[in-house]
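Every number in this text was worked out from the coordinates using simple rules, so none of it is lab data. Given the structure is predicted, the values throughout are model-derived calculations rather than measurements. Ideal geometry is used to build each Cβ from the backbone, glycine not excepted, and the neighbour counts take in all protein chains shown.
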Amino acid sequence: MQDKKLELPLVGGCQCGAVRYEISAPPLTLYRCHCSECQAQSSSAFGMSMLVERAAFSVDWSLLSAWKRATDSGSTMTCHFCPTCGTRLFHVGDGDSEIVSLKAGSLDDRSWLKPVGDIWTDSAQPWFVPPEGTLVLAGDFTDMTPLTERWRSQYGSCFR
């Protein structure tokens, strides 16, 4: 991946195409979340979250539906999704409105995605083994710095 150059903006959207978004700055990090809510939301063993700066995130907010939910860490977040097809696109934590947690599988080009860490591994499926070299956190991160630094060191030069 480090040899591949990715053009900004990154673009993506829902499955039916009604909601589209753009990201005009490099992502902050990408990780797998194994909390019970991400497992249920993704209908899989984990969810994949890409943190991006809200100032670099563009979407027509009027097209979205939203609902709030409690998180495993005890805070709340607003989940935004397409009202037509139901695709969950991103979350915004109530305590951090400057960061958008994008569901990375909604990007048009997913071929380059490689998470740098795993969080909430204490609730991961028993068969899951984190890939060698990834950061592993039993619960939620209280400090994003290790995840963002790992991402920057591995992918910081990939965006133009």
Q: Pull up the DSSP beta bridges for the range 10-155 and report the antiparallel fraction as a percent, rounded to 5.
A: 85
Q) At what distance in angstrom do the alpha carbon centres of the range 95-143 and the range 61-84 lie from each other? A) 18
Q. Got a sec to turn the phi values of the range 130-140 into Karplus ³J(HN,Hα) couplings, 6.51 cos²θ - 1.76 cosθ + 1.60 with θ = phi - 60°, whole Hz, x for Gly and Pro?
A. x, x, 4, x, 8, 6, 10, 10, 5, x, 7
**Q.** Whole-number percent relative contact order across the chain, with pairs defined as alpha carbons under 8 Å at least 6 apart
**A.** 29
Q) Here are some values of Cα extents along the principal axes in Å: (i) 62, 31, 28; (ii) 57, 28, 27; (iii) 40, 37, 28. Which one was computed from this structure? A) (iii)
Q.
How much of the pair distance distribution for the range 73-160 lies past 16 Å, counting alpha-carbon pairs only, in percent?
A. 67
Q) Out of residues 5 or more away from Asp140 or on other chains, whose amide H comes under 5 Å of its own, with H placed 1.01 Å from N in the peptide plane? A) Trp120
**Q.** Cut-off of 10 Å, at most 11 other beta carbons, DSSP loop: longest stretch of the chain lacking such GluC sites (Glu not before Pro)
**A.** 8-97
Q: Restrict the search to the range 2-101; then list the trypsin sites (Lys or Arg not before Pro) that DSSP places in a loop and that have at most 12 other Cβ atoms within 10 Å of their Cβ.
A: Lys4, Lys5
Q | Restricting the range 38-139 to chymotrypsin sites (Phe, Trp or Tyr not before Pro) in coil, as DSSP defines it, with at most 10 other Cβ within 10 Å | A | Trp127
Q. With charges only on Cβ, +1 for K and R and -1 for D and E, what is the dipole size of the range 10-155 about its Cα centre, in debye, rounded to 20?
A. 340
(Q) Could you tell me which residue out of Met77, Thr121, Leu89 lies farthest along the dipole of the chain toward its positive end? Charges go on the beta carbon: Lys and Arg +1, Asp and Glu -1, centred on the Cα centre. (A) Leu89
